[in-house]
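Working notes, beginning with the structure itself.
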Amino acid sequence: MNALTVENLSVAYDKKTVLDNANVTVPIGRLSAIIGPNGAGKSTFLKAILNQLPNKVGKVEILGEIFEPKNLVVGYVPQRNAVDWDFPTNALDIVLMGRYGHTGLFKRPSKQDKLLAQQALASVGMQDFAERSIGQLSGGQQQRVFLARALAQNADVYFLDEPFAGVDAATEKTIIDILKNLKAQGKSIFVVHHDLQTVKEYFDYTILLNKTILASGATEEVFTPQQLQKTYGGRLFMMQGM
Amino acid sequence: MIEFWVVLTGLLVGITCGIAGVFLILRKMSMIADAISHTVLFGIVMAFIITQTLNGFWMLVGAAIAGILTAYLVQLLHSSGIQEDAAIGVVFTSLFAAGVLLITLFAGNVHLDVEHVLMGEIAFVPWDRWTLFAVTMPKAVWMLLLVLLINIAFLLLFFKEMKLATFDPVYAASIGIPVVFLHYGFMTSISFTTVAAFDSVGAILVVAMLIGPSATAYLFSKTIKQMFIFSMLFGAAASIVGYYLAKYWDTSIAGMMAATVGLLFVVTLCSQKIIEHRRKTLVSKLENM
């Protein structure tokens, strides 16, 4: 069974095609990088997979089934700057949101939910910040809280949108350790990634994206100068020696 | 007794709007509230034209439909590429104008005049009474109590979903939270609130009562629950203080209430800035020691 199957996926905003006929298949248990230049449609690709865009066409299967949000198999970590961090609440409350799908409508989160949220917060090294207002956290800490929320959800497939953007080195290390640990548990992880220097070190699977899927497969096969040239075009000049 | 009903009405407006305003501020939808407060007029007039009565129930239904229509049209224009503020501007002025035209054409002889709808007259509230379950209270009080209950019920049922859908709608949708339903449900409750507050403070000043107390509470609240409590308190305080100031100076009650809301906001903002400044100077003093 595959973690992700995408067939003929296209998305257009205002008649402008952002994603054109993308096809990709990724087996279970991989830690995959989604890479491509700015404006290549990486975030759109994630949102289309998560069924967030009404204007998409094509077929998306996650773990062999058409994705239904209520199945809770997918843990999504949006870009940190996609939300307003002045929202009046604390870190633990944000992580607890990862349990809302399990709690169900009309019910309050149970003690069990709160315990799981605390554990998730501890696993990203943020247990001492549970009561801290989210607006007072640093960028790296906010990113950890977002990851903890997805962890609290206990999903099987994770999608992370640029989790390393603007975070400190310690946070980057914490996050990649957690992702590798998830992979060891047999979960499938997809990460929109920008730093080409770390792709080989972090990811065992790579998806190259620029308006469509240009290549996908094991990192050592796909992450080659020729393929990258194809993805980034003339913009790739600092790739020598990699 | 008359004064009691007026003060109670003001208090209920303050509390109902204070509750409804919290998620308006958090969802950054103050301008949508402004739009709805005008377009419900269209709904009310349509309800009157169809039923030929000024029955409170049909007014609520008409207002709810107009409110949802406003939110829907704004969304429609926005997603077709028009800026959101421009979409709001176009939709609400058109529907409001339609409402005004319909009043003058079809409802000229009834108690439904533009000035009343815009400004309200809380001092007249005690004379328009309803008896229900052998209890006689002013119509406005009945309406406000009903809407207050509806708003509280909506929040009790969907508090955590509203919180998540407000903070992070994309994530909320990814775990199956019905974000679209919540959006329109919330718009309905804002429409109800606006209609209920019509009689007393009018459509324009209801915006002040919806946004002011919550915006003030937002300045210093650390949790949403705190924000609800302080927003309600500010709304209630502004109503009572506004009423007595208006009585003292013999001026417009609704106007005085809204002015008090504004004053509360400015005082809170300034004291917050002063406290921040003092803390900073204290910190730099300590660092220099």
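The values are calculated or read from the model by the stated rules, or taken from the named source; none is laboratory data. The shown structure was predicted, so the numbers you read here are calculated from the model rather than taken from an experiment. Note that each Cβ is placed from the backbone with ideal geometry, even for glycine, and that neighbours are counted across all protein chains shown.
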Checking residue A:146 against (1) of a type in the set (A, V, I, L, M, F, W, C); (2) at pLDDT below 90; (3) under 23 Å from residue A:44 (Cα atoms); (4) not assigned by TED's automatic domain parsing to the domain that holds residue A:47, which test does it fail? (2)
Do you know which residues across segment B:163-184 are among the hydrophobic types (A, V, I, L, M, F, W, C) and in contact with a helix residue (DSSP H, G or I) (Cβ under 6 Å, 6 or more places away or on another chain)? B:164, B:165, B:172, B:173, B:175, B:177, B:179, B:182
Those residues of segment A:70-81 that are more than 7 Å from chain B (Cβ to nearest Cβ) and over 13 Å from the mean Cα position of the chain (by Cα) come to a total of 3
Only listed residue being in contact with a helix residue (DSSP H, G or I) (Cβ under 8 Å, 6 or more places away or on another chain) and more than 30 Å from residue B:228 (Cα to Cα), chosen from B:103, B:65: B:103
Pairs, first over 23 Å from residue A:96 (Cα atoms) in segment B:172-199, second among the polar types (S, T, N, Q) and at pLDDT below 90, C-beta under 6 Å, six or more apart: B:194/B:37
Six or more apart or on different chains, Cβ under 7 Å: which pairs go from a residue in segment A:33-58 that's without any contact (Cβ under 8 Å) to a residue 60 or more places away in the chain and of a type in the set (A, V, I, L, M) to one that's buried (at least 22 other Cβ atoms within 10 Å of the Cβ) and not in a helix (DSSP H, G or I)? Could you list them? A:48/A:9; A:48/A:19
Verdict on residue B:137 being among the hydrophobic types (A, V, I, L, M, F, W, C) and touching a strand residue (DSSP E or B) at 6+ places or on another chain (Cβ under 7 Å): yes
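Table: residues versus (1) under 19 Å from residue A:71 (Cβ atoms); (2) part of a helix (DSSP H, G or I).
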| position | (1), (2) |
| --- | --- |
| A:131 | no, no |
| A:140 | no, yes |
| A:155 | yes, no |
| A:172 | no, yes |
Residue A:91 being touching a Gly at 6+ places or on another chain (Cβ under 6 Å), outside the structural domain of residue A:165 (by TED's automatic domain parsing) and among the aliphatic types (A, V, I, L, M): no
Failed condition for residue A:133, given (1) more than 16 Å from the chain's Cα centre (by Cα); (2) more than 9 Å from chain B (Cβ to nearest Cβ); (3) farther than 24 Å from residue B:157 by Cα; (4) among the small types (Gly, Ala, Ser): (2)
For segment B:182-191 the number of residues that are hydrophobic (A, V, I, L, M, F, W, C) and either surrounded by 24 or more Cβ atoms within 10 Å (Cβ to Cβ) or facing chain A (nearest Cβ under 8 Å) (or both) is 2
Go through segment A:139-178 residue by residue and tally those that are hydrophobic (A, V, I, L, M, F, W, C) and more than 14 Å from chain B (Cβ to nearest Cβ). 8
Inside segment A:61-72, the number of residues satisfying the requirement of being modelled with pLDDT under 85 and either buried (at least 17 other Cβ atoms within 10 Å of the Cβ) or among the small types (Gly, Ala, Ser) (or both) is 4
Going through segment B:141-181 in order, the residues found to be in contact with an Asp or Glu (Cβ under 8 Å, 6 or more places away or on another chain), in a loop (DSSP other than H, G, I, E, B) and either buried (at least 20 other Cβ atoms within 10 Å of the Cβ) or more than 10 Å from chain A (Cβ to nearest Cβ) (or both) are B:177
Of the conditions (1) in contact (Cβ under 8 Å) with a residue 40 or more places away in the chain; (2) assigned to a helix (DSSP H, G or I); (3) touching a helix residue (DSSP H, G or I) at 6+ places or on another chain (Cβ under 6 Å), the single one that residue A:176 does not satisfy is (1)
Is it the case that some residue within segment A:95-116 is without any contact (Cβ under 8 Å) to a residue 40 or more places away in the chain, closer than 15 Å to residue A:147 by Cα, surrounded by 21 or more Cβ atoms within 10 Å (Cβ to Cβ) and more than 8 Å from chain B (Cβ to nearest Cβ)? yes
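Please tell me if residue A:55 is exposed (fewer than 15 other Cβ atoms within 10 Å of the Cβ) and outside the structural domain of residue A:142 (by TED's automatic domain parsing).
So residue A:55 fits the description; yes.
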What about residue A:176, is it in contact with a Ser or Thr (Cβ under 9 Å, 6 or more places away or on another chain), modelled with pLDDT of 90 or more and surrounded by 22 or more Cβ atoms within 10 Å (Cβ to Cβ)? no
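Provide a single number: the residues in segment A:4-36 that are within 17 Å of residue A:215 (Cα to Cα) and crowded, with 16+ Cβ neighbours inside 10 Å.
Summing the residues that are within 17 Å of residue A:215 (Cα to Cα) and crowded, with 16+ Cβ neighbours inside 10 Å in segment A:4-36 gives 16.
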Restricting to segment B:204-238, and then to whatever is buried (at least 17 other Cβ atoms within 10 Å of the Cβ) and hydroxyl-bearing (Ser, Thr, Tyr), can you tell me which residue is farthest from the other protein chains (Cβ to nearest Cβ)? B:216
